[in-house]
Amino acid sequence: MEVKDETTDVDVGVIVGRFQVPRLHSEHIDLIKTVQDRHQKVVVIIGLAETKVTKNNPLDYPLRHAMIQEQFPDVDIYYINDHPSDHVWSKNLDGIISKAVSGENGAVLYGSRDSFIKHYHGKFKTKELIPKNSISGTELRKIEGNKKRATEDFRAGVIWATQNRYDTLYGTVDIAIVNEDNTKVLLGRKYSDGDRYRFVGGFCSKKSKNHEEDAMREVHEELGIEVSGLKYVCSMNIDDWRYRGEKDGIRTTMFVGKYIFGPVTPGDDIDEAKWFNVNDIKNNLEVIVPGHRQLFEELVKWLDNNKI
């Protein structure tokens, strides 16, 4: 690994990184050995995210600490919490380093071109490292994520991950599509629903700008039609059978929109679509899947007091 400005006159070399990999790869090893060759003492500071067990941050601090310590027992290891402000984060980093190098002859921070260096505004010198071969931690995690091992340790690891992630409340949208005078509503039916119907909808996507965009996408995907005048009706937790007994759950945001044009063409996971008289459903909620009956009641209240 090439180091810009080869001379150094300080005792401690500091490496700041995330090390979110199953094992130290050659670039990590080269990095630590390079800094060891240049300094009497090496300090590794591991970045600690506020999120837990995510695709970018799957490993907690103790796991990464043990991974580095196993191969480099003489390296001192600390952690630093992420912070939205680069200046506050830099001040916190300086505080950790100052404690680690107390009594030593200063410190130099090492990082690659795409590392923390551009975000650091602290008091210590930094040096850029140029790796001989660039290895992506993101790609390594993708590769590992596609591997399955029929071992007890692997199964235990999967269980650990599920027990240490935050409980998730998934966001969804449901859309009531009504006719010109609000007397009829268009509902969809999935094969798994038997002879009961539901509002069309689905999970929110981070790619969408807002819930309204999610709603318009779901209407197009599941029915192939266009709606106008999309209005917010309510939001509520849904008793979805897939999540019964789980700590995760679903909260939907319901909208109502007016059908404007296009042949109703069931698609995605909708097998049939049908217009229903709103008053008929009032007297026979059994036609709607249990998880959407309260949504229908909220729709009726909204239609009684609002117009699209």
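Residue pairs whose Cβ atoms lie under 6 Å apart, sitting 6 or more positions apart in sequence or on different chains, and linking a residue in segment 57-81 that is outside the structural domain of Ile29 (by TED's automatic domain parsing) to a partner that is crowded, with 17+ Cβ neighbours inside 10 Å and not in a loop (DSSP other than H, G, I, E, B), do not occur here.
Conditions tested, residue by residue: (1) assigned by TED's automatic domain parsing to the domain that holds Glu222; (2) on the phi > 0 side of the Ramachandran plot; (3) loosely packed, with under 14 Cβ neighbours inside 10 Å.
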residue: Trp241; (1), (2), (3): yes, no, yes
residue: Gly245; (1), (2), (3): yes, yes, yes
residue: Met254; (1), (2), (3): yes, no, no
residue: Pro266; (1), (2), (3): yes, no, no
residue: Ala273; (1), (2), (3): yes, no, no
residue: Phe276; (1), (2), (3): yes, no, no
residue: Val287; (1), (2), (3): yes, no, no
residue: Leu295; (1), (2), (3): yes, no, no
residue: Lys301; (1), (2), (3): yes, no, yes
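Within segment 241-272, the residues that satisfy the criterion of being closer than 25 Å to Glu212 by Cβ and of a type in the set (Asp, Glu) are Asp248, Asp268, Asp269.
The criterion of at least 2 residues that are of a type in the set (Lys, Arg) is met by the following strands (runs of 3 or more DSSP E) wholly inside segment 198-308: 249-261. When the residues of segment 148-174 are narrowed to those that are closer than 30 Å to Met236 by Cβ and aromatic (Phe, Trp, Tyr), which ends up modelled with the lowest pLDDT? Per the stated criteria, the residue is Tyr166. Restrict the check to segment 60-77 and report whether at least one residue is basic (Lys, Arg), outside any loop (DSSP other than H, G, I, E, B) and under 24 Å from Ile159 (Cα atoms). So far as segment 60-77 goes, yes, one or more of its residues are basic (Lys, Arg), outside any loop (DSSP other than H, G, I, E, B) and under 24 Å from Ile159 (Cα atoms). All conditions but one from (1) among the charged types (D, E, K, R); (2) without any contact (Cβ under 8 Å) to a residue 24 or more places away in the chain; (3) part of a loop (DSSP other than H, G, I, E, B) apply to Arg155; the one that does not is (3).
Among residues of segment 168-179 that are under 27 Å from Ile260 (Cα atoms), those with a Cβ under 9 angstrom from a residue that is among the basic types (Lys, Arg) and surrounded by fewer than 24 Cβ atoms within 10 Å (Cβ to Cβ), sequence gap 6+ or separate chain, pair up as Gly171/Arg251; Thr172/Arg251; Val173/Arg217; Asp174/Arg198; Ile177/Lys258; Val178/Lys184; Val178/Lys258; Asn179/Lys258. Could you run through segment 39-53 and say how many residues are over 27 Å from Ser102 (Cβ atoms) and either in a helix (DSSP H, G or I) or touching a residue at least 40 places away in the same chain (Cβ under 8 Å) (or both)? Count: 3.
Screening Arg198 on (1) over 30 Å from Ile260 (Cα atoms); (2) touching a residue at least 12 places away in the same chain (Cβ under 8 Å) shows it passes everything except condition (1).
The values are calculated or read from the model by the stated rules, or taken from the named source; none is laboratory data. Predicted model, so just to flag it, every value in this text is computed and none were measured. All Cβ positions, glycine included, derive from the backbone under ideal geometry; neighbour counts span all protein chains shown.
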